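These notes concern the structure reproduced below.
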Amino acid sequence: YSNQCSFLNQCAANPVRQVNWYANIDNQYVSAFIDNSIKPVVVIRGQLPKTPATLNGESSFDESQAQLRYWSICQNEYYSQKVTACLYDEQITIQPDGKYLIVTSTEANKPSNVNEVCGIDYISWSEEGDGFALAEGMQNSIHDGLLIVRNMLPVNEFDQTVQNTQVPGDESAVMGEYLPSAQYFTKEEFEALGCDAYLSL
C-alpha cells in the first residue's frame, strides 16, 4: 500500500495497519512528505509525549509518569532512505504549554530566530532532496523532504499513540495533539515573528 500510494498515487485502498518500513514490535511511525517549493521553511508543532529521562547516564529510568519509552522526529531522503537529521525527546525544547516548535529548512533558508535562545529547535533539510540520484539515470528532486515521527513502547495506558492507529487516515482522530502539524513560511515571514514566534502562531 505504501509503495503504490507513494509511487503510483493509488491511495484508495484502506488496508489494516501492519508493520512497515522501519517499524518493529516496539516502534511504530507516522510520516509526511513535505515540499519546500511551496515555501522554504516548514514549521512543525505538536504535543510531546512524556518519556523517562535517560540522557545524563541515570542508572535506571522512571516510567511512572511516562507515556512512551522514546520519541523522535527525523528528516529523511525518501528514495535513498538517508537520515538527514533527527531530534529525540530529551533534545526538544518544551514550551510552557507542553508543546514544541521545530523548524526544518536547508541551512541557507534557516531563519535567524531559530536558535536555543528563542527556544526553537531545528532539523536540517537534505541538500539532496529525495536522494533519487542514487539510481542510475535519475535526478534528485531537491525540494522534497520526508518527516518521520517514532513512537516507542507506549506505557501507562497511553492511547494517543501511533500503535493505536488502524487504517490510513485515522491518525488525527487517534493521536489528537500528539500528531504533529506542519505549516509553510518564507524565511522572512518566520523571522518577522521574532523570538516569541511560538506565541505568535
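The values are calculated or read from the model by the stated rules, or taken from the named source; none is laboratory data. The model shown is predicted, which means the values in this text are computed figures rather than measured ones. Backbone-built Cβ (ideal geometry, glycine too); neighbour counts: all protein chains shown. Protein only, heavy atoms only, side chains kept; ligands, DNA and RNA dropped before computing areas. Shrake-Rupley method; radii C 1.70, N 1.55, O 1.52, S 1.80 Å.
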Which numbered condition Ile44 fails, given (1) assigned to a loop (DSSP other than H, G, I, E, B); (2) in contact with a Pro (Cβ under 7 Å, 6 or more places away or on another chain); (3) not aromatic (Phe, Trp, Tyr): (1)
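Looking only at residues in segment 82-97 that are hydrophobic (A, V, I, L, M, F, W, C) and open to solvent by less than 40 Å² (accessible area, probe 1.4 Å), which one is farthest from Asp130 (Cα to Cα)?
Here is the first cut: in segment 82-97, the residues hydrophobic (A, V, I, L, M, F, W, C) are 83, 85-87, 92, 94.
Now narrow it down to the ones that are open to solvent by less than 40 Å² (accessible area, probe 1.4 Å): 85, 87, 92.
Numbers: Ala85: 14, Leu87: 20, Ile92: 25 Å.
Checked segment 82-97; the qualifying residue farthest from Asp130 (Cα to Cα) is Ile92.
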Residue match in segment 7-15 (condition: without any contact (Cβ under 8 Å) to a residue 24 or more places away in the chain, over 30 Å from Leu201 (Cα atoms) and buried (at least 16 other Cβ atoms within 10 Å of the Cβ)): no
Tally of residues being in contact with a helix residue (DSSP H, G or I) (Cβ under 9 Å, 6 or more places away or on another chain) and open to solvent by 70 Å² or more (accessible area, probe 1.4 Å) across segment 166-191: 1
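Does segment 125-140 contain any residue that is open to solvent by 40 Å² or more (accessible area, probe 1.4 Å), more than 25 Å from Ala12 (Cα to Cα), assigned to a loop (DSSP other than H, G, I, E, B) and modelled with pLDDT of 95 or more?
Initially, segment 125-140 is screened for residues open to solvent by 40 Å² or more (accessible area, probe 1.4 Å), giving 127-128, 132-134, 136-140.
Retained after the next criterion (residues that are more than 25 Å from Ala12 (Cα to Cα)): 127-128, 132-134, 136-140.
Retained after the next criterion (residues that are assigned to a loop (DSSP other than H, G, I, E, B)): 127-128, 136-140.
Pick out the ones that are also modelled with pLDDT of 95 or more and you get none.
Within segment 125-140, none of the residues are open to solvent by 40 Å² or more (accessible area, probe 1.4 Å), more than 25 Å from Ala12 (Cα to Cα), assigned to a loop (DSSP other than H, G, I, E, B) and modelled with pLDDT of 95 or more.
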Subset tally (residues that are under 18 Å from Leu147 (Cβ atoms) and open to solvent by 60 Å² or more (accessible area, probe 1.4 Å)) for segment 98-113: 3
